[in-house]
Amino acid sequence: MPANAIQPIRRLLIANRGEIARRIIRTAHDMGIGTVAVYANGDAGAPFVREADTAIALNGRTSAETYLDADKVLAACQRTGADAVHPGYGFLSENTGFADAVTRAGILWVGPSSEAIAAMGDKLSAKRIIQEANVPTLPAIELASGQDIKAAAEEIGYPVLVKASAGGGGRGMRVVESPEGLEEAVTGARREAGAAFGDDTLFLERWVTSSRHVEIQILGDKHGNLVHLFERECSIQRRHQKIIEEAPSPAVSEDLRARMGEAAVSAAKQIGYSSAGTVEFLLDGDDFWFLEVNTRLQVEHPVTEEIARLAQGGVHRQLDLVREQLRIAEGEELGYGQDDLTIDGHAIEARLYAEDPERDFLPSPGTVLEWAPAEGAARYDSGVESGSPVSQEFDPMIAKVITHAPTRRAAASRLARALEQTRLQGLSNNRDFLVATLRHPAFIAGDTTTDFIERIAPPRARDVTPQEITDAIVAAAMYAQAKRRALAKTLSGFPSGWRNSRMPPERTRYRVGDEEVPVEYRSRRDGSFEMEVDGEPSTVAVFQAERGTVDLEIDGRRTRMSVTEHGDNWLVHGPSGDVEIEELPRLPIPGLLDIKGGLTAPMPGNVLATHAGVGDKVQAGQLLLVIEAMKMQHRITAPFDGSVTEVHVAAGDQVDNGALLVMLEEVGAATE
């Protein structure tokens, strides 16, 4: 491209949603570029839609009906006069046909060429190209139609990884330890890959059990200039999907960094790469093997932005990777070389997900009732606000939280504290698990391999102390009392709780988990309260109980908490995190009967397939049906040997969380 062939972007369409759409909008506006958002029905009220200059409805509910519909996105470009498209990550970001269609329409594509995407989008093709660049790879065999998959696995040697050739994000991947689980793993991976990427091509690859996932950020322009922006380590994963990333890696020396960086740049040059991209490797000691090239911006790009510094003319500045992508798409040269880049300190990112770590990280869609980032403690790239829904239709990521510090230990401590101070309530999430991981001695020591969660087993939930529970109950009771007093229409000029005689205490009950806690309190003439929580007495002084904040002194100990009432539930956020309690009615309400032998949906989702019918005899662990939620597939298996007495769903049905799916009668169970 000639040096003067600059095509300024005036209106950028972001073909994505959530936090990455907001991230791109922010940089585009800072560069003076107008923005266009596109959105699914469920995203109509999302922050990214409001923050764009213009937003176009895609008139659909699912990914396939909206963000994966190239024709709808292109129509939005034509309708708004967008002269460039940024695909973000996921969805159409690595779709060769879409990139070609955008270019044919005379619109700038913010990303690498469609030829580069095609070369790297097929992981098997990518391996062959990378081998020509003398970059080491792991043994792999494509599972073609009619292939003897057992023979292929034996040739590679167990354990093996069943892997989708297209896509990423942990979908279409299964680790197989022995021949017994191979056929089922291939079937499941093929089904998941076909649903997620429209391509069910699979291959087997040698699985390195305990290794590190280290990737190199590359950046190239359309004039042949290529650099790398050092490495990120992304070894903390569940279901082959990253949840904590950091830069630089604690396991990479200067020499190893130079070797891996050179290998990544060599691979990129092999395909004439431009724009931002990532070359992923497995690292074991000083040995590394190529995994894949992601021809797009990565979810974890903020940690690179936090540590990479451009030093020119005695001035050091941070790099904004979205800004660099836009400059490159316009035709600008990088304007710097490898020697101009340095590392400053350490950065760590944690991904907040709507999922339940105690239930093997099952997605947990719902509504974010309260969202309040910790003030000034970290960088937040989020797609939500208080009241935002987290839909089963899309990835359950809520936000990315990133900290930077001079040292790795300081960055980890700062991030753990920021997460503790973040208010996130209303749905199950992995925040407390992330804090436990960041504070674990093994993580602090840099003992971070891809089997970290299984090998180290950080606590999946926070142990809430009895004092935290008591404080939360006191805060809720005092806030409710102050609220009632503020709404009182009589004696409003008298101090709260004023009486001309000694009256019985106010009484209420709360539920915390499975425990019911009785509470009673009585005001004193000095404005303080005598309280008993579960029979334990205390004296409480209230300094503030309004606008969602309670400032209390409990037996001489001062504490400040955030409090929100949602129906019968009280959401309390204290110094160590969140506590949710339920205020019980004065008279009990009959509950639903527990149906013995009934298997219920662990989350809202779509029934993909049923594998058992009424009258079938099943064994413990046998697959009964498959549910898809948030782009992941989940197997419902028999908890015991028995027979199927009822099936309440069929393939294609939408089910709510807790919906009855199948009834089983246990072998040998007594019948009436």
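Data table
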item	result
Count - residues of the range 339-396 that are touching a residue at least 24 places away in the same chain (Cβ under 8 Å), assigned to a loop (DSSP other than H, G, I, E, B) and under 24 Å from ARG635 (Cβ atoms)	10
Single residue of the range 81-106 satisfying the filter (under 22 Å from ALA166 (Cα atoms) and among the acidic types (Asp, Glu)) that is farthest from the chain's Cα centre (by Cα)	ASP100
Selection from the range 377-390 of residues that are polar (S, T, N, Q) and within 13 Å of the chain's Cα centre (by Cα)	SER382
Unique residue being assigned to a helix (DSSP H, G or I) and farther than 22 Å from GLN298 by Cα when the list is GLN7, GLN78	GLN78
Given (1) part of a strand (DSSP E or B); (2) surrounded by fewer than 24 Cβ atoms within 10 Å (Cβ to Cβ); (3) in contact with a helix residue (DSSP H, G or I) (Cβ under 9 Å, 6 or more places away or on another chain), index of the condition ARG417 fails	(1)
ARG61 being under 18 Å from ASP83 (Cβ atoms), surrounded by fewer than 18 Cβ atoms within 10 Å (Cβ to Cβ) and of a type in the set (Lys, Arg)	no
Residues satisfying the stated conditions in the range 259-300, i.e. in a loop (DSSP other than H, G, I, E, B) and among the aromatic types (Phe, Trp, Tyr)	TYR273
Members of the range 426-454 that are outside any helix (DSSP H, G or I) and closer than 18 Å to ARG212 by Cβ	HIS440, ALA445, GLY446, ASP447, THR448, THR449, THR450, ASP451
Those residues of the range 320-342 which are of a type outside the set (Asp, Glu) and either in contact with a Ser or Thr (Cβ under 7 Å, 6 or more places away or on another chain) or surrounded by 15 or more Cβ atoms within 10 Å (Cβ to Cβ) (or both), in sequence order	LEU321, VAL322, ARG323, GLN325, LEU326, ARG327, ILE328, ALA329, GLY331, LEU334, TYR336, LEU341
Residue list for the range 364-412, restricted to those being among the hydroxyl-bearing types (Ser, Thr, Tyr), within 30 Å of PRO248 (Cα to Cα) and either out of contact with any helix residue (DSSP H, G or I) (no Cβ under 8 Å at 6 or more places or on another chain) or in the same structural domain as GLY18 (by TED's automatic domain parsing) (or both)	TYR380, THR407
Among (1) closer than 22 Å to SER93 by Cβ; (2) assigned to a strand (DSSP E or B); (3) among the aliphatic types (A, V, I, L, M); (4) at pLDDT 95 or above - the single one VAL303 does not satisfy	(2)
Residue list for the range 105-131, filter: in contact (Cβ under 8 Å) with a residue 24 or more places away in the chain and assigned to a loop (DSSP other than H, G, I, E, B)	ALA105, ILE107, VAL110, GLY111, PRO112, SER113, ASP122
Odd one out for VAL102 among (1) assigned to a helix (DSSP H, G or I); (2) farther than 19 Å from VAL38 by Cα; (3) not polar (S, T, N, Q)	(2)
Only listed residue being modelled with pLDDT of 95 or more, over 25 Å from ALA412 (Cα atoms) and in the same structural domain as GLY224 (by TED's automatic domain parsing), chosen from SER253, SER249, SER266, SER274	SER274
Of all residues in the range 124-160 being touching a Lys or Arg at 6+ places or on another chain (Cβ under 7 Å) and under 27 Å from GLY90 (Cα atoms), the one that is surrounded by the most Cβ atoms within 10 Å (Cβ to Cβ)	VAL160
All positions within the range 20-50 that are without any contact (Cβ under 8 Å) to a residue 40 or more places away in the chain and either in a strand (DSSP E or B) or among the small types (Gly, Ala, Ser) (or both)	GLY32, GLY34, THR35, ALA37, VAL38, TYR39, ALA44
One residue from PHE443, PHE394 being under 25 Å from PHE91 (Cα atoms), aromatic (Phe, Trp, Tyr) and surrounded by 22 or more Cβ atoms within 10 Å (Cβ to Cβ)	PHE394
Odd one out for GLY314 among (1) surrounded by 24 or more Cβ atoms within 10 Å (Cβ to Cβ); (2) farther than 15 Å from CYS234 by Cα; (3) out of contact with any strand residue (DSSP E or B) (no Cβ under 6 Å at 6 or more places or on another chain)	(1)
Selection count where residues are touching a Gly at 6+ places or on another chain (Cβ under 9 Å) and at pLDDT 80 or above, scope the range 624-634	3
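Per-residue answers, yes or no, for (1) farther than 26 Å from ILE271 by Cβ; (2) in contact with a Leu (Cβ under 7 Å, 6 or more places away or on another chain); (3) surrounded by fewer than 21 Cβ atoms within 10 Å (Cβ to Cβ):
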{"residue": "LYS72", "(1), (2), (3)": "yes, yes, yes"}
{"residue": "ALA75", "(1), (2), (3)": "yes, no, yes"}
{"residue": "ALA84", "(1), (2), (3)": "no, yes, no"}
{"residue": "PHE98", "(1), (2), (3)": "no, yes, no"}
{"residue": "THR103", "(1), (2), (3)": "no, no, yes"}
{"residue": "GLY106", "(1), (2), (3)": "no, no, yes"}
{"residue": "PRO112", "(1), (2), (3)": "no, no, no"}
{"residue": "GLU115", "(1), (2), (3)": "no, no, yes"}
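The values are calculated or read from the model by the stated rules, or taken from the named source; none is laboratory data. Nothing here was measured: the structure is a model prediction, and the numbers come from that model. Counting neighbours? That spans all protein chains shown, and the Cβs are built from the backbone with ideal geometry, glycine included.
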